[in-house]
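The values are calculated or read from the model by the stated rules, or taken from the named source; none is laboratory data. Being a predicted model, the structure only gives us computed values, none of them experimental. Positions of Cβ are generated from backbone atoms using ideal geometry, with glycine treated the same way; all protein chains shown enter the neighbour counts.
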Amino acid sequence: MSELSIALPFDPAGIVLDRRRPLAQQLYQALRARVLDGRLSSGTRLPATRDLARIISLSRNSVIRAYDQLYAEGFIESRVGDGTYVTRLGKLSTQLSTGLSQGLSTDLSTFLTADTEVLSSEASFQAPIERLKNHHLPLPRAGAPRAFRVGVPAFDLFPFDVWTKLQAGFWRNPDPAQLGYGDPAGEPALRELIAAYLRRSRGLSCSAEQIVITSGAQQAISLCAQLLLQPGDGVAVENPGYRAAGHAFAMAGGKVSGVPVDEQGMQCQQLWQMADCRLAYVTPAHQYPTGVTLSLARRLALLEWAEHRNGWIIEDDYDGEYRYTGAPLAPLAALDRAGRVLYVGTFGKIAFPALRLGYLVLPARLMQPFSQARALAVRHSEVGTQCVMAQFMAQGHFQRHIRRMRKAALSRRNVLKAGWPTDVAGLGEMPEVAAGLHVKVAVDNLARERELVAKAEAAGVEVNPLSGYWLPDSSAPVDKRAGLVLGFAAVPEGQIAEALMRLRKAWKK
């Protein structure tokens, strides 16, 4: 250090790296920990990558990758001509320095075991059915995916031959112990593999005992709604956002309120003004449908709200594996120290939605009631699919498929970007897409949005109106809700180019 005459804001001897594990990831985790616990305070200037590499005997590329990940997650910021600094976040949330709180801050156990009152009138019996009239899911689009269907990955790339062999092997000589009733939380082998995958690839420290297997992400969200809400509880959802989640909360009796989304994600400060708000639903890694990422400052603010208000956060990481620069972002749950975040994951965006396989990562104290409630609803998930997926993961096929899918989605995104029409009145430019499987494009007004969607449908191209993702009682001006949402992963590059040609022709008429 004296030879280089560089003043470090931390002791490099305290960073111990295991050469058997990815070095860039270890450095990133070490620096992130120092930011979160205050050893690297807001506004601290970090060494240049070349200097830090020399000091800790690491390749510069490894340091650059660690810095890039910290920058992507908002822990550090670059000032042109002045170097790299720890992001100024003000006083860090107090929840980061506290351990898991003991016991439920609200009487969830009473809620789960309370006797149900006998319905005394026809009106009370019909209340859920009446709610269902306004809170149900539309039928899915029929037929094979077309450009630009939202919510589906590249079916054409799934290794069905491998899956078929694994499935045949399971049923050729099944274990009698697996043919009876299974664990309502899911097959232990699959839960172990999911926990290991999340620890390794997402930085989420969890165990198999915290995981419940579900029939897709929607069942996971619905289960949260049933167990965490009482009739009349307030629920904050992103606006625009994933309407199916809001429907699940409303069906459980929650009062759903939309919180605006801007370029930094949900405006979390508004939650403090909602006195009865008990739960917040967010898609922080890649907001659905706008595609923005929840900033670090707002992640910390959201966690602080949940701790101080005894609230819950449902983090839906529906397509978190798809990030095109650097590693996938660490989940919000990885920052949680108070046990207030319930993490929802799914295999539907890596394999295919028809698989109906998802999972919940729960605070330890919620594991038993969630497992018990799931047993009452469906007893347990289909065992064969879980065992085949466990083999698919254990043999390395899952990670290889993720890499293949990420590469293909990037290529398909590039074709969409290169061929996007640039001379259509009222239609915005194609924005940069750093993550996910869809993109939002601006449209200047609602009438124009309807016109473009109708012409696209007539040309055999699927585009979704952004206006359909807003809550009916939204306060935003009508024309501010206009836009197009396009998925770019469902079909190969050739079909994307052909669809773009049809769009240009239809929209220029």
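Filtering region 183-213 to residues that are modelled with pLDDT of 95 or more, surrounded by fewer than 19 Cβ atoms within 10 Å (Cβ to Cβ) and either part of a strand (DSSP E or B) or in contact with a Pro (Cβ under 8 Å, 6 or more places away or on another chain) (or both) leaves only Ala208.
Any idea how many residues of region 259-270 are crowded, with 21+ Cβ neighbours inside 10 Å and either of a type in the set (A, V, I, L, M, F, W, C) or in contact (Cβ under 8 Å) with a residue 60 or more places away in the chain (or both)?
Looking only at that region, the number is 4.
Looking only at region 205-225, which residues are of a type outside the set (A, V, I, L, M, F, W, C) and within 17 Å of His380 (Cα to Cα)? Within region 205-225, Glu209, Gln210, Thr214, Ser215, Gly216, Gln218, Gln219, Ser222 qualify. Has region 437-446 got at least one residue that is over 29 Å from Arg323 (Cα atoms), out of contact with any Phe, Trp or Tyr (no Cβ under 6 Å at 6 or more places or on another chain) and in contact (Cβ under 8 Å) with a residue 40 or more places away in the chain? Checked against the condition, which is being over 29 Å from Arg323 (Cα atoms), out of contact with any Phe, Trp or Tyr (no Cβ under 6 Å at 6 or more places or on another chain) and in contact (Cβ under 8 Å) with a residue 40 or more places away in the chain, region 437-446 yields no hits at all.
With respect to the conditions (1) assigned to a helix (DSSP H, G or I); (2) within 23 Å of Leu437 (Cα to Cα); (3) not small (Gly, Ala, Ser), Thr293 lacks only one, and its number is (1). All of (1) in a helix (DSSP H, G or I); (2) more than 16 Å from the chain's Cα centre (by Cα) hold for Ala334 with one exception: (2). In the set Gly246, Gly180, Gly253, Gly216, only one residue is more than 16 Å from Tyr343 (Cα to Cα) and crowded, with 18+ Cβ neighbours inside 10 Å; that residue is Gly246.
Filtering region 337-356 to residues that are of a type in the set (A, V, I, L, M, F, W, C), surrounded by 21 or more Cβ atoms within 10 Å (Cβ to Cβ) and not in a loop (DSSP other than H, G, I, E, B) leaves Val341, Leu342, Val344. Taken together, the criteria place Gln210 among residues that are closer than 21 Å to Phe370 by Cβ, in contact with a Leu (Cβ under 8 Å, 6 or more places away or on another chain), polar (S, T, N, Q) and in contact (Cβ under 8 Å) with a residue 60 or more places away in the chain. Screening Ala454 on (1) surrounded by 16 or more Cβ atoms within 10 Å (Cβ to Cβ); (2) without any contact (Cβ under 8 Å) to a residue 12 or more places away in the chain; (3) not β-branched (Val, Ile, Thr) shows it passes everything except condition (1).
Per this entry, Ala434 is not counted among residues that are within 24 Å of Leu410 (Cα to Cα) and at pLDDT 95 or above. Output yes when any residue across region 60-68 is at pLDDT 50 or above, crowded, with 18+ Cβ neighbours inside 10 Å, part of a loop (DSSP other than H, G, I, E, B) and touching a helix residue (DSSP H, G or I) at 6+ places or on another chain (Cβ under 6 Å), and no when none is. No: region 60-68 contains no residue that is at pLDDT 50 or above, crowded, with 18+ Cβ neighbours inside 10 Å, part of a loop (DSSP other than H, G, I, E, B) and touching a helix residue (DSSP H, G or I) at 6+ places or on another chain (Cβ under 6 Å). Screening region 457-474 for residues that are in contact (Cβ under 8 Å) with a residue 24 or more places away in the chain and farther than 19 Å from Gly258 by Cβ and picking the one that is surrounded by the fewest Cβ atoms within 10 Å (Cβ to Cβ) gives Ala458.
In the set (1) small (Gly, Ala, Ser); (2) buried (at least 23 other Cβ atoms within 10 Å of the Cβ); (3) outside any helix (DSSP H, G or I), Ala275 fails one condition alone, (2). For region 431-451, taking the residues that are among the basic types (Lys, Arg) and surrounded by fewer than 21 Cβ atoms within 10 Å (Cβ to Cβ), the one that is farthest from His247 (Cα to Cα) is identified as Arg448. Check region 306-324 and report whether any residue there is under 27 Å from Leu139 (Cα atoms), among the hydrophobic types (A, V, I, L, M, F, W, C) and in the same structural domain as Phe352 (by TED's automatic domain parsing). Taking every residue of region 306-324 in turn, at least one turns out to be under 27 Å from Leu139 (Cα atoms), among the hydrophobic types (A, V, I, L, M, F, W, C) and in the same structural domain as Phe352 (by TED's automatic domain parsing). Among the conditions (1) in a helix (DSSP H, G or I); (2) modelled with pLDDT of 90 or more, Pro153 misses just one, which is (1).
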